[in-house]
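Here's the structure, in structure tokens; my notes come after.
The values are calculated or read from the model by the stated rules, or taken from the named source; none is laboratory data. Because the structure is predicted, anything quoted here is derived from the model rather than measured. When we count neighbours, we look across all protein chains shown, and the Cβ atoms used for this are built from the backbone with ideal geometry, even at glycine. These area figures cover heavy atoms from the full protein model, side chains too; ligands, DNA and RNA do not enter into them. Shrake-Rupley method; radii C 1.70, N 1.55, O 1.52, S 1.80 Å.
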Amino acid sequence: MGFPRLWATLLRAWGRWTVRPGPRVPGLPPMAENKVPPALASHQQDRKVRGGWVWEDTQHPPKRAKGCEDEEPPQKLPKRKIVLLMAYSGKGYHGMQGVSAAGQVVSLKVWLIDNILDKINSHLPSHIRILGLKRVTGGFNSKNKCDARTYCYMLPTFAFAHKDRDVQDESYRLTAETLQQVNRLLACYKGTHNFHNFTSQKGPREPSARRYILEMYCEEPFVREGLEFAVIKVKGQSFMMHQIRKMVGLVVAIVKGYAPESVLERSWGEEKVDVPKAPGLGLVLERVHFEKYNQRFGSDGLHEPLDWTQEEGKVAAFKEQYIYPTIVSTERDERSMAQWLSTLPIHNFSATALGAAGTGAKVPSSLEGSEGDGDTD
């Protein structure tokens, strides 16, 4: 399901609407169309004209009982600005960040009808859920007000097996020593670095290539259907296209022994380094942070902070029911991680900008770039 279709589905949840051209009164010349006959005046009052289109409520007003002629007709409620907490499985779905999400946040204006979440979800497939709703300020924009994002990357732990004793089956178990090495390397990403080698068409001198990482670590492994997995979590102010997958890919290559640790710091320099990109299957948007908004409006007595603590149970249940099983089953069937690992022995980590140009590859100049707000596929 694409984003436009998803958005249309959400809109249908709180009202059925039809779109038609602006009103034209039959029998009147074009210059006289502004003079509306009295018989049509009351009908046109219920219409809203926006940019040459009329959005008309197609549902008939409720019939009034006899003896109620003196009652005033019900008034339409004003739309309110809200945010929705969304979760969806990325397999078979393209839109937004292009990955699975357990805590995506979108902002929009709606009529706050009764049981709005249940009514929205009744129009959505089971692998797309609205988990929460909060009122926000009128000028709030979920994309522009975001301070940071937290992603997680779920991968089979055999990805960390050293090349000299490479194992790619259910028998592998991650040792404490290897997990410690992984976390030591992941911690090197913390702080501000030049990530021009971790995306495409981004020059080394572009200011937007510098990104700030707050934390990155690997959690304790766990077993699903006999295969051991681990989850890497990373929180940053913003991410460029493919950045997280390349960050994971480079650490995997170092732990397996295909690249020296020195390539990590070299990748932040100005020279071109060919950083391997891990598969996109395990990437999940975990949480969107609005810390500055919460500091300003979260305790003003009029608004509530964008804190989804009460929804954490729903988020965890959705991941266990839809996201994790999809990653596990797809990895078993398609073996995307195992296939990608087979390319590392022939990967050239010594390639420079000159070498890339010699092979016909495009070398980004300092003037080229593509801004992005999330790691997409």
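A few comments on the model shown:
- Just one of the listed residues (Cys188, Cys152) is open to solvent by less than 60 Å² (accessible area, probe 1.4 Å), more than 21 Å from the chain's Cα centre (by Cα), at pLDDT 95 or above and hydrophobic (A, V, I, L, M, F, W, C), and it is Cys188.
- Output for the stretch 151-187, where each listed residue is of a type in the set (A, V, I, L, M, F, W, C), part of a helix (DSSP H, G or I) and farther than 30 Å from Ser238 by Cβ: Phe158, Ala176
- Filtered residues of the stretch 90-115 (kept if at pLDDT 90 or above and surrounded by 22 or more Cβ atoms within 10 Å (Cβ to Cβ)): Ser100, Ala101, Ala102, Gly103, Gln104, Val105
- Just one of (1) at pLDDT below 95; (2) among the charged types (D, E, K, R); (3) open to solvent by less than 30 Å² (accessible area, probe 1.4 Å) fails for Arg245. It is (1).
- Filter pass, Phe297 being out of contact with any strand residue (DSSP E or B) (no Cβ under 9 Å at 6 or more places or on another chain) and either within 20 Å of Thr192 (Cα to Cα) or in contact (Cβ under 8 Å) with a residue 40 or more places away in the chain (or both): yes
- Within the stretch 126-136, considering residues that are open to solvent by 40 Å² or more (accessible area, probe 1.4 Å) and not basic (Lys, Arg), the one nearest to Val284 (Cα to Cα): His127
- Qualifying residue in the stretch 250-261 (condition: assigned to a strand (DSSP E or B), surrounded by 15 or more Cβ atoms within 10 Å (Cβ to Cβ) and in contact (Cβ under 8 Å) with a residue 12 or more places away in the chain): no
- Pairs where the first residue, in the stretch 330-352, is touching a residue at least 12 places away in the same chain (Cβ under 8 Å) and over 12 Å from Ala278 (Cα atoms) and the second is assigned to a loop (DSSP other than H, G, I, E, B) and open to solvent by 80 Å² or more (accessible area, probe 1.4 Å), C-beta under 9 Å, 6+ apart: Thr330/Lys91; Arg332/Glu225; Ala351/Thr359
- In the set (1) hydrophobic (A, V, I, L, M, F, W, C); (2) surrounded by 19 or more Cβ atoms within 10 Å (Cβ to Cβ); (3) touching a residue at least 40 places away in the same chain (Cβ under 8 Å), Ile213 fails one condition alone, (3).
- Residues satisfying the stated conditions in the stretch 225-240, i.e. open to solvent by 20 Å² or more (accessible area, probe 1.4 Å) and under 25 Å from the mean Cα position of the chain (by Cα): Lys233, Lys235, Gln237, Ser238
Rundown of residues vs (1) in a loop (DSSP other than H, G, I, E, B); (2) of a type in the set (Ser, Thr, Tyr); (3) modelled with pLDDT of 50 or more; (4) over 23 Å from Leu283 (Cα atoms), yes/no style:
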{"residue": "Glu320", "(1), (2), (3), (4)": "no, no, yes, no"}
{"residue": "Tyr324", "(1), (2), (3), (4)": "no, yes, yes, no"}
{"residue": "Val328", "(1), (2), (3), (4)": "no, no, yes, no"}
{"residue": "Gln339", "(1), (2), (3), (4)": "no, no, yes, no"}
{"residue": "Ala351", "(1), (2), (3), (4)": "yes, no, yes, yes"}
{"residue": "Gly355", "(1), (2), (3), (4)": "no, no, no, yes"}
{"residue": "Glu368", "(1), (2), (3), (4)": "yes, no, no, yes"}
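- Of all residues in the stretch 262-300, those satisfying the criterion of being closer than 16 Å to Gly98 by Cβ, open to solvent by less than 40 Å² (accessible area, probe 1.4 Å) and among the aliphatic types (A, V, I, L, M) are Ala278, Leu283, Val284, Leu285, Val288.
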